[in-house]
Structure formats: structure tokens, C-alpha cells
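One structure is given here, and the rest of the page talks about it.
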Amino acid sequence: MKKILSAVLAAVMAFSLAACGGSTSTAASGSTAGSTAASASGEATGAGIPKDQIKVGVVHLSDPAEGTGYSYTHEQGIQGMMTNLGLAEDQLVEKINVSDTDAAAVENAISELVEEGCNIIFATSWGYMDTCEAMAEEYPEVIFSHGTGYKSNGTNFNNYFGRIYQARYLSGIAAGLKTESNKIGYVAAMGKENGEVTSGINAFAMGVASVNPDAEVYVKVTNSWFDPEGERQAAEALIAAGCDVIGQHCDTAGPQLAAEEHGVWGVGYNSDMSKDAPAATLTSVMWDWSVYYTQAVQNVIDGTWVAGEKIDNYFGDMADGLVTLAPLNTELAAEGTAEKIEEVQAQIVSGEWDVFDGQTEILDNEGNTHTLEGADYGSCNWYVENVQEQA
């Protein structure tokens, strides 16, 4: 049945696929070398899809209506794209609460989006990656764009992410200046083997060390991208161990709520979590996913896919607006925090300096040295010297 549907859709949609993330006119300054090469070579083929006929599908890990965290932030980006491009409500189909540990559930959700006529499908969670890869082969007429991860197939399946470590470094400055115990906690969704999480922890800890070399960052792993109860419990364990600032790479505001309840401070993630824990949250590391979603869907409409070339993988940054930092709570933050963050942020945005430049040697907590270019975050399986794992 799926093969028949694929053939029918291919006959109906006689168009050339459009590039997901990176036409030459809107290429992000943080794009990878591979993306730049793909955009620069060859010419656009086909006429794309008329704007009033495009249909966008999205797979969410949780319910964006919860109003905070990862899925909420992606939904804000999708809605921003819809507004930017003037798409109608019936041109968007979304699947929510799709577990990324249940391959059958992911496949069912994506199959339904294909059956409903979606031309491009955004799969927002790391755990959707392998299923996207398989279904992109099964449905070559549909574009599959996967959030985070590292896989692409060179035709109709790419990944998108960004230099979130830039904002994490800046938030580490706020944490390092604020701590009084010199023990800073960090709730992590995944362990050291996951480069996305680990590189972010390292950037945060490096930001801490830049202003407070005596402070250490203690990491507690939940082994889940979305675990409201586990995330809060991890934060409480870190607080009990003496941590007085709580950072996070996990989906909910649970760590910030725990920080507020126990009278300590925190750094949120994904959305501005000061709305959830105003008495605790110093700032939040955030995404503006509308930057990518608008670019990707516009390219589908325009037909700017480069046939036969590597599909563009998108890796945005602070300069193009994908990566941001929430306004600093100046009533909570230590004196001088705003000025220091502004100083370093200006260097990052201008390109004068970056956290991971591929050249500067970084010492890990086992005495080894490394270099890391931000786009190669997936290879980061070590912690910097001021990071400790908390059992």
C-alpha cells in the first residue's frame, strides 16, 4: 500500500525537491562547508510547489500546548514560519506526543503525514533519526528534515541544528558569577556518549571557568529527552549535593522549578523559563527555530533544490538568529554579568571568536587535550576539566 501511495504522490507532485536550509540568498553564516558547496554548485531545478499547495508536517516529542520546553519552542518556530510565509492553517499537519523510543509509533506518525499529502516533514527529536532515514528511502518524493542528529542521504533527507553551545557559554558566565558554593549542577538528558549534550555541557562549563576558575559543574543524567519527573528529581539531587545554580539540557522546566522551590538559581533551556520560575531563572539558552523553518519551506516553494548534489544540512548560529539567550534577570544576576555577556556575545556574533574553533586546545577532566570545531559536536565524548559526573 505504501509503495502504491508513493507512486501516486510522485505522479501528482511533478516537481523537483527544494533544498532544506541554505539557498545562496539566505545561507546562514554558521552553515557547514558541505552546505555551502551544495548551494554554490549547480542550478535550481523544477518550479517548486505553489505556495497555496504546500503542506507541512511536523512530529513532536511532547505536546507543545504545555507551554514550555523543547516541543513548545519548535511549535513557536513552526508558527513563526506560517506567519512569515502567509500559509493557511490547513497547510499544517502536526503529530504530538510521539515517543522517540518507539519506532513503530514514529513510523505510524510519519506515514499519516505522508498520506495527508505533506511535501516536507520536520521530525524534531534525535530519536526519530533512523526511522526518518528509512522512510525517506520509501518516499523519495517527500522531504524529510530531521532536527539534531547527524544523518542525511544526499537526496531528500537532511538534518538541522545549530551552534547552541555559543549561548550555553554565555549562560555559563551568568552561572559562574552567581554561584556562592562554587558547585553548579547540570541536568543532562544523555550521557557523555551523546556529543550534542556533551558539547553543550562543555561550553557551559567553559563559560563558568572564564569568570570563576574555582567553580565546578556537576552533571546528572536522566537518560531521556523528555522525563518531567526524572528531570526535577535530578535537579533536587544536585541541590542536595550543594549545587546552588542548576543548568539543564532537558525538555521541561522541572529543574528550574526545583531551583525556585529550594531557594537557589538556574539557567533554563529551549524557551525563556523565567515565566515558569521567575525567582530562580537567571537566563535561558534558547532557539528561534522559525529562522530555519521559514528558510526550508520557502526553498520547497521556490524549487531551489540542487539535483544530484548533497542535500543541505543546516547549522545556524547566534549571528543568524537561530541561537539566542533570554534577557538576563538583572535583579537576580551578579553585578557585572550583563556587561561580561555582552562583551563576549559581540565577539561571537562578529566572528572574532568562537567557543569551539577547531584549533584551540581544550583540557578534559582526565588530563587529555582536544580540539573541537562546533559543527563536529557529535565527536565530543569527553568532559572539560571542571566537569564531574554525579552518580
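The values are calculated or read from the model by the stated rules, or taken from the named source; none is laboratory data. For clarity, every value in this text was computed on a predicted model and none was experimentally measured. Counting neighbours? That spans all protein chains shown, and the Cβs are built from the backbone with ideal geometry, glycine included. These area figures cover heavy atoms from the full protein model, side chains too; ligands, DNA and RNA do not enter into them. Shrake-Rupley method; radii C 1.70, N 1.55, O 1.52, S 1.80 Å.
General observations
- Residues considered: Asn313, Asn119, Asn84. Largest GNM mean-square fluctuation over the chain, using C-alpha springs under 10 Å, is found at Asn84.
- Centroid-to-centroid, using Cα positions, the range 192-254 and the range 344-359 are 23 Å apart.
- When peptides 201-212, 67-78, 221-232 are ranked by their average number of other Cβ atoms within 10 Å per residue, the highest-first order is 201-212, 67-78, 221-232.
- Extreme residue, positive dipole direction of the range 93-153, given options Ile96, Ile120, Gly147 (C-beta unit charges): Gly147
- Leading residue at positive end of dipole, the range 185-294 (Cβ point charges), from Tyr218, Ala205, Ile246: Ala205
- Taking the 1.4 Å solvent-accessible surface of the range 252-357 as the whole, the part contributed by carbon and sulfur is 49%.
- Surface analysis of the range 225-269 yields an accessible area of 30 Å² per residue, using protein heavy atoms and a 1.4 Å probe.
- Where the range 287-359 is the region considered: accessible area per residue in Å², 1.4 Å probe: 43
- Cα shape, the range 183-236, gyration tensor, a/c 1.5 rule: oblate
- Taking packing as the residue-averaged number of other Cβ atoms within 10 angstrom, the listed peptides 133-140, 327-334, 366-373, 286-293 run from highest to lowest as 286-293, 133-140, 327-334, 366-373.
- Gyration tensor (alpha-carbon) shape descriptor, the range 294-391, a/c threshold 1.5: oblate
- Carbon and sulfur %, accessible surface of the range 102-178 computed with the full protein complex present, 1.4 Å: 44
- The range 189-341: C-alpha gyration tensor shape, a/c 1.5 cut-off, then a/b vs b/c: prolate
- For the range 74-146, the per residue solvent-accessible surface stands at 38 Å², with DNA, RNA and ligands left out and a 1.4 Å probe.
- Counted over the chain, the DSSP beta bridges are approximately 15% antiparallel.
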